[in-house]
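Asks: Okay, here's the structure, questions in a sec.
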Amino acid sequence: MGSIAQYVVIRKVAIGVDTHKHIYVVVALDELGGRLGELTVATDRGGADQLERWAVSHGQILAFGIEGTASYGAGVTSYLRRQGHRVIEVNRPDRRERRLNGKSDALDAENAARAVLSGRATATPRMADGQVEMIRQIKVAKDTAVKSRSQAMITLKTLVITAPADLREELDGLSKMVLIERCAGLRPGPMTTPLAATKHALRGLARRWQQLHLEIKDHERHLATLTEAVSPAMVAAFGIGPDTAAEMLIVAGDNVDRVRSEPAWAKLCGVCPVPASSGKTSRYRLNRGGHRQANSALHRTVIVRLRFHQPTIDYVVRRTAEGKTKAEIIRCLKRYLAREVWAYLNPERHPVGAPESVG
């Protein structure tokens, strides 16, 4: 009798991970969506290693679907990539689905795995181990310092309005920098009157503003150096500069190839046109989705070019003559600018660089 051939079938699995500050909740599903198990581990290196070994024990891993790959899931995402696994970024389920199916960490992890199996989740997470990650860290520090500086100035001017009459008349009407210098040099004296308390508060706010101003300048210097090293052509483009370039690089990540095409990049930035047609009416509306910080950065650059960039000014005149509204023209300009930025991000695909003109 002939021997009976033995076949070993390797089970393929999808792993969903719901991330938190102190724990990862993991669920494994087979190819048919059957639940194979659940695990909770700590968010340290030992926990990530335990998670990976547990996942491999269930079979051949198709992919890890992870929520929060840029926040609580950044560590485990980086670890799994180094182990050679495919990682997919998964968004939270919409509110309607959560209301119907309930909410728990295990359910969120299972939903992440099902999103991988169904193909609904396909986004490759940004890498966080290169120069762009350095830019992101400094940009975060700068943005928070800018907010704090603005708040200090608003509070200072509010206190000037409510200050005793003599002090208010002395400070009212001064330019911003003169006001800061004058308040920073105030001498409260003994803390025995409302006037002394007001001077003390104004001096503290003014000196806080000065310290934050110096901190912001330091951040800006580092951002200029890093962005110019990564993409000098983008930094030098009209109306972009280091700050907008930093925002664009952060959105793209160190692995810009994760964005499949230029239209996909436009959608990521929220500048692709959204059809809003009905019946005989054919039109488009502004896109309210995408990365809002990137969209805002593109908008600021477009506003600068509307005022000072001659090709853009000529474009506005031509499109206005065609009957386009200002909002429609700005939408088109943001789309053109996203295309230009895409060329700067992919110099190997566009060796000549992107033009600074519009269509």
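Asks: State, as an integer percentage, the relative contact order of the chain based on alpha-carbon contacts under 8 Å between residues 6 or more apart.
Replies: 12 percent
Asks: Keeping all protein chains in the complex and leaving out DNA, RNA and ligands, what accessible area do you get for residue 342 with a 1.4 Å probe, in Å² to the nearest 10?
Replies: 10 Å²
Asks: Next question, about the same structure. Sticking with the crude label model, points 7 Å out along Cα→Cβ, report the distance from residue 310 to residue 176 in nm, one decimal please.
Replies: Going from the residue 310 label point to the residue 176 one covers 3.1 nm.
Asks: Here's a follow-up. Based on the Kirkwood radius over alpha-carbon pairs, what value in µm²/s does the Stokes-Einstein equation return for the translational diffusion coefficient of region 144-230 at 20 °C and 1.002 mPa s?
Replies: 153 µm²/s
Asks: Would you kindly give the portion of the calculated P(r) for region 20-179 that falls above 20 Å, as a percent of all Cα pairs?
Replies: 62 percent
Asks: How would region 116-168 be classified by its alpha-carbon gyration tensor: rounded, prolate or oblate, with rounded meaning a/c under 1.5 and the a/b versus b/c comparison settling the rest?
Replies: oblate
Asks: On a 0 to 90° scale, report how tilted helix 105-118 is relative to the longest principal axis of the chain, with both axes built from alpha carbons and the result rounded to the nearest 10.
Replies: Roughly 70 degrees, rounded to the nearest 10.
Asks: Give the lysines reachable from residue 147 as a straight Cα distance under 23 Å; neighbours fewer than 8 places away on the same chain don't count.
Replies: Those lysines meeting the cut-off are 139, 157, 176, 217.
Asks: Mind jotting down the three principal axis lengths of region 159-207 based on Cα atoms? Whole angstrom, largest first.
Replies: Projected onto its principal axes, the Cα set of region 159-207 covers 30, 22, 13 Å.
Asks: Taking only C-alpha pairs under 8 Å that are 6+ residues apart, what is the relative contact order of region 194-333 in percent?
Replies: Relative contact order, region 194-333: 16 percent.
Asks: Something else about it: Of all trypsin sites (Lys or Arg not before Pro) in region 34-88, which ones are in loop regions per DSSP and have a Cβ with at most 14 other Cβ atoms within 10 Å?
Replies: For trypsin sites (Lys or Arg not before Pro) across region 34-88 that sit outside H, G, I, E and B with at most 14 neighbouring Cβ atoms in 10 Å, the list reads 86.
Asks: Turning to a different aspect of this structure: Which order do 133, 38, 181, 328 take when ranked by solvent-accessible area (1.4 Å probe, heavy atoms of all protein chains), largest first?
Replies: 181, 38, 328, 133
Asks: Right, here's the next one. Can you say what percent of the DSSP beta bridges in the chain, counting only those with both residues inside, are antiparallel? Round to 5.
Replies: Around 65 percent of the beta bridges assigned by DSSP in the chain are antiparallel ones.
Asks: Over its Cα atoms, what ratio of radius of gyration to 2.2 N^0.38 Å does the chain give?
Replies: Cα Rg divided by the expected 2.2 N^0.38 Å: 1.32.
Asks: Sort all Cα-Cα distances of region 265-319 into consecutive 10 angstrom bins from zero, then give the percent of pairs in each bin up to the one containing the longest distance.
Replies: Taking all Cα pairs of region 265-319, the binned fractions are 22, 35, 36, 6, 0 percent.
Asks: Right, next: For a quick size check, give me the Cα extents of region 97-192 along its three principal axes, largest first, whole Å.
Replies: 71, 38, 26
Asks: Something else: What is the angle, in °, between the Cα long axis of helix 241-252 and the longest principal axis of the Cα atoms in the chain? Nearest 10 is fine, range 0 to 90.
Replies: The angle comes out at about 20 degrees.
Asks: To the nearest 500 deg cm²/dmol, what mean residue ellipticity at 222 nm is calculated for the chain from DSSP H runs of n ≥ 4 alone, each contributing -39,500 (n - 2.57), summed and divided by the residues?
Replies: Here the helix-only value at 222 nm equals -18000 deg cm²/dmol.
Asks: Can you sort 32, 214, 80, 306 by solvent-accessible area, 1.4 Å probe, largest first?
Replies: Largest accessible area first, the list is 32, 214, 306, 80.
Asks: For the Cα atoms of the chain, what angle does the longest principal axis make with the long axis of helix 292-308, in degrees from 0 to 90, nearest 10?
Replies: Around 50 degrees separate the two axes.
The values are calculated or read from the model by the stated rules, or taken from the named source; none is laboratory data. Just so you know, these numbers come straight off a predicted model, no measurement behind them. Don't worry about glycine lacking a Cβ; one is built from the backbone with ideal geometry, like all the others, and counts go over all protein chains shown. Ligands, DNA and RNA are stripped out before the accessible areas are found, and what is left, the full protein with its side chains, is counted by its heavy atoms. Shrake-Rupley method; radii C 1.70, N 1.55, O 1.52, S 1.80 Å.
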